[in-house]
Amino acid sequence: MRNLTTASLELATWIAKLGSFTAAAERLCTTQPAVSARVRELEEAVGQKLFLRQGRGVELTIEGREFVRSAAKLLRQVEELSQSFSKASAAGVVRIGTSSICLDMLGALTMRVSQTMPKVSYDVEIDRAGRLLDLLESRKLDLAIVSGPIDPHKFKAVSLGFDRMVWVTSPQVLQDRWGCDPARWLEGLQIWCVHRESFYWSDATRKLVAHGAELDRVNAINNTLAASRIVGSGAGIGLLSENLIDRELMAGTLVPIPGLLPCEDIEFSIVSMKDSDGRIQREIMEAAVATSPFRKTTISQDGHRSLGT
């Protein structure tokens, strides 16, 4: 059996319902000759006579009645299949990666998606940006929320805004060190910095060196949430996401270190492979943009704001 399409099945069922080629043509916004031609093609495809002309109307043959019954069943199945992939019925497990900086936004993002796609669930991977992009490229992740530059030849990225890494410490450490010679400010302190493979390791450590720090004493950590707890406990100073520790900064449980400037602003993006573009993926990327806590502008070290690209 050749050349059967949902359009031909729909044509046969409408002819059977309305009783004439002319009425079916009007219902399907076409002409009676076009319907006649399509019926001939359909009957040739199935190798059976399906309709008999009776005056201005038509009657179904025995084979025609069976064909229309089967066609109606198939069309219902096609409709059910289409509805099963509607937004409200969309289902599946999304493998999404994020850094610890973005954990707070993950809750808001998934809550927003659940309003339109309640059957979607997640497998979450927490790691540094470079590792997450590797997993994405090897198809072990569907989406990743990362900071830093993205290779446009491999990935499709949607900007979520900007954040910056600031040097902070506990109030007690700051009080103990306040008034100390700047060249000796960092002596004996534990220093918690970004992972050595991070794209802004160089920017971060350059500022430390300018204040007399020795890089072989710097502790690298790829989880800024863990670093914030370590630093908040009084164990030295740390380079932390301004957005991540916003509440702590407002409460005064973490404080910026005077004279130790923040790093340059970094851009966050939600990223997928370039050839990946499903409905669930698009919905999550749109939700990420809508719920992003990051700034839409960059702020230079002198406080000047500029629009992001």
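Here, each number is a calculation from the coordinates, and none is a lab measurement. Since we're looking at a predicted model, the values are computed, not measured. FYI the Cβ positions are ideal-geometry reconstructions off the backbone, even for glycines, and counts take in every protein chain you see.
Whole-Hz Karplus ³J(HN,Hα) for region 217-232, in order, using 6.51 cos²θ - 1.76 cosθ + 1.60 and θ = phi - 60°, x for Gly and Pro?
In residue order, the calculated couplings are 9, 7, 8, 8, 9, 9, 10, 6, 5, 5, 4, 5, 6, 4, 5, x Hz.
Where does the charge balance sit around I150 when Lys and Arg score +1, Asp and Glu -1, over other residues with C-beta under 15 Å from its C-beta?
On the way: positive: R128, R131, K154, K156, K274; negative: D134, E137, D151, E267.
Net of charged neighbours comes to +1.
Among A213, L9, V289, whose Cα projects farthest towards the positive end of the dipole of the chain, with charges put on the beta-carbon of Lys, Arg (+1) and Asp, Glu (-1)?
L9
Could you tell me how many degrees, from 0 to 90 and to the nearest 10, lie between the Cα long axis of helix 279-291 and the main elongation axis, the longest principal axis, of the Cα atoms of the chain?
The two axes meet at around 40 degrees.
Starting at the first residue of region 249-266, write each ³J(HN,Hα) from the Karplus equation 6.51 cos²θ - 1.76 cosθ + 1.60 with θ = phi - 60°, in whole Hz, x for Gly and Pro.
Each residue of region 249-266 in turn: 5, 5, 7, x, 7, 10, 9, x, 8, x, x, 9, 5, x, 6, 5, 4, 10 Hz.
Enumerate the aspartates and glutamates that K119 could reach by cross-link, defined here as Cα to Cα under 15 Å, with residues fewer than 8 away along the same chain left out.
Partners found: E283.
Give the Rg/Rh ratio for region 1-58, taking Rg as the radius of gyration of the Cα atoms and Rh as the Kirkwood radius, to two decimals. If you can, show how the numbers build up before the last one.
Numbers: Rg = 10.6 Å, Rh = 11.3 Å.
Computed over Cα atoms, the ratio is 0.93.
Given H placed on each backbone N at 1.01 Å, which residues far from L28 in sequence or on other chains put an amide H within less than 5 Å of it?
Answer set, sorted by chain and number: none.
Within 15 Å, Cβ to Cβ, of F199, how many net charges do the neighbouring residues add up to if Lys/Arg are +1 and Asp/Glu are -1?
Numbers: positive: R128, R131, R164, R196, R206; negative: D127, D134, D151, D163, E197, D203, E264, D265, E267.
That sum, taken over residues with Cβ under 15 Å, equals -4.
How about region 71-146: which trypsin sites (Lys or Arg not before Pro) there are in a DSSP loop, with at most 16 other Cβ atoms within 10 Å of their Cβ? If you can, show how the numbers build up before the last one.
Numbers: sites: K73, R76, K87, R95, R112, K119, R128, R131, R139, K140; in loops: K87, R128, R139, K140.
The qualifying sites are K87, R139, K140.
Counting each DSSP H run of 4 or more residues in the chain as -39500 (n - 2.57), what helix-only mean residue ellipticity at 222 nm follows after dividing by all residues, to the nearest 500 deg cm²/dmol? Write out the running numbers ahead of the final one.
On the way: 11 runs with 126 residues, N = 309.
That comes out to -12500 deg cm²/dmol.
Which of W167, W185, W178 has the fewest other C-beta atoms within 10 Å, and how do the rest follow up to the most? Provide the component values of the computation, followed by the final result.
Details: W167 24, W185 19, W178 9.
Fewest-to-most Cβ neighbours within 10 Å comes out as W178, W185, W167.
So what J values fall out for region 108-122 if you push phi through Karplus, 6.51 cos²θ - 1.76 cosθ + 1.60 with θ = phi - 60°, rounded to Hz, Gly and Pro as x?
Couplings: 5, 4, 5, 5, 5, 5, 5, 5, 10, 9, x, 8, 7, 10, 9 Hz.
Quote the charge dipole size of region 139-247 about the Cα centre in Debye, to the nearest 20; the model charges only the Cβ of Lys and Arg (+1) and of Asp and Glu (-1). Before the final figure, lay out the partial values.
Details: 13 positive and 12 negative charges, 66 e Å.
Its charge dipole is roughly 320 debye.
Treating only the Cβ atoms of Lys and Arg (+1) and Asp and Glu (-1) as charged, compute the dipole magnitude of the chain about its Cα centre; round to the nearest 20 debye.
Working: 37 positive and 37 negative charges, 258 e Å.
It works out to roughly 1240 debye.
With charges only on Cβ, +1 for K and R and -1 for D and E, what is the dipole size of region 1-152 about its Cα centre, in debye, rounded to 20? Can you show the working numbers first?
Details: 20 positive and 18 negative charges, 126 e Å.
Magnitude of the dipole: close to 600 debye.
Which net charge results for the neighbourhood of M165, defined as the other residues with beta-carbon distances under 13 angstrom from its beta-carbon, given Lys and Arg at +1 and Asp and Glu at -1? Provide the component values of the computation, followed by the final result.
Numbers: positive: R164, R206, K207; negative: D163, D203, E242, E264, D265, E267.
Computed value for this residue: -3.
Choose one of W178, L160, A204: the residue whose Cα lies farthest towards the positive end of the charge dipole of the chain (beta-carbon charges +1 Lys, Arg; -1 Asp, Glu; about the Cα centre).
L160
Could you work out the Rg to Rh ratio of the chain, with Rh taken as the Kirkwood radius (inverse of the mean 1/r over all Cα pairs)? Please report the intermediate quantities before stating the final value.
Details: Rg = 31.6 Å, Rh = 24.2 Å.
Over the Cα atoms of the chain, Rg/Rh equals 1.31.
Please report the base-10 log of the normalised intensity I(q)/I(0) for region 53-138, using a Debye sum with one equal scatterer per alpha carbon and no solvent, at each q in 0.21 (1/Å).
-1.02
Of the beta bridges DSSP finds with both residues in the chain, what % are antiparallel, to the nearest 5? Don't skip to the end; give the middle numbers.
Values: 27 of 43 bridges.
Counting only bridges with both partners in the chain, antiparallel ones make up about 65 percent.
When a footprinting reagent is the concern and you count Cβ atoms within 10 Å, what order do C263, C29 take, fewest first? Please report the intermediate quantities before stating the final value.
Details: C263 18, C29 6.
Exposure proxy ranking, most exposed first: C29, C263.
Going through the cross-link list K154/K207; K73/K274; K207/K274; K140/K207; K274/K296, which pairs have a Cα-Cα distance over 27 Å in this structure?
Details: K154/K207 32 Å; K73/K274 38 Å; K207/K274 36 Å; K140/K207 36 Å; K274/K296 24 Å.
Table pairs above 27 Å Cα-Cα are K154/K207; K73/K274; K207/K274; K140/K207.
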